[in-house]
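Engineer: Mind having a look at this structure? Questions to follow.
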Amino acid sequence: MTTARRPAAFLDRDGVINIDHGYVVRAEDLAFVEGAPAAIRRLNEAGYLVVVVTNQSGVARGYFTEADVGRFHDHLRAELAAHGARIDAIYTAPHHPEATIAAYRADHPDRKPRPGMLLKAFAELPIETRGSFLVGDKASDVEAARAAGIPGHLFPGGDLDAFIAGVLALATTNPVFGEDR
């Protein structure tokens, strides 16, 4: 049995889902952006795959490990589940061209503004490109979306649920919102 393809909502993490306090990786530092759990629940209910794509240069800088990031993501998922919301997949880019840890020193294709994380998700998940989009809080997020062939939306802050409602309205009224892959 094959899984039906459906559009994906790619979300940046820091500044979109959680408040960006700078290198957020400890469970106790998780604070949701206003409306984030409701926005993710809205996407779930609309039939979107919710995929987080996040640069995590703190790993490359030696501030924390990939295992620390994984534990934070487990906590993030649990907190969202308590609000009836679900993340379907999380992709991280721990590299940085000026990393202090040599193993992570690279201008890696996964690191936004490059589209590597999105392209991996397209290859690994049953994603239909038409209707898919990315929401980020930096120009590099929008660049990654465009390089992957999907619309990118710059979240200016505020209520993420209201912002996502507007993006979904655009996606359902614009027949060329995304292109089939």
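All of the numbers you see were taken from the coordinates with simple rules; none came from a lab. Keep in mind the model is a prediction, meaning the values are calculated, not measured. Note that we place each Cβ from the backbone using ideal geometry, even for glycine, and neighbour counts take in every protein chain shown.
Engineer: For the chain, what relative contact order do you get, as a whole percent, if you take Cα pairs closer than 8 Å and at least 6 residues apart? Can you show the working numbers first?
Structural biologist: Values: 356 pairs, mean separation 48.4, N = 181.
Over the chain, the number comes to 27 percent.
Engineer: Have a look at the chain and give its Rg and Dmax from the Cα atoms, expressed in angstrom.
Structural biologist: Taking only Cα atoms of the chain, I get Rg and Dmax of 15.6, 47 Å.
Engineer: Give the long-range amide H neighbours of residue 8: residues separated by 5 or more places, or on another chain, with amide H under 5 Å away, using H modelled in the peptide plane at 1.01 Å from N.
Structural biologist: The list, which skips near neighbours in sequence, is 49, 128, 132, 133.
Engineer: Here's something else I'd like to know. How do the peptides 39-47, 104-112, 10-18 rank, highest first, by the average count of neighbouring beta carbon atoms within 10 Å per residue?
Structural biologist: Working: 39-47: 19.0, 104-112: 17.4, 10-18: 23.2.
Highest-to-lowest ranking by the protection proxy: 10-18, 39-47, 104-112.
Engineer: Another question, then. Which whole-Hz couplings ³J(HN,Hα) result when phi for each residue of the stretch 76-84 is put into the Karplus expression 6.51 cos²θ - 1.76 cosθ + 1.60, θ = phi - 60°, listed in order with x for Gly and Pro?
Structural biologist: Computed from phi, the couplings for the stretch 76-84 are 4, 4, 5, 5, 5, 4, 5, 9, x Hz.
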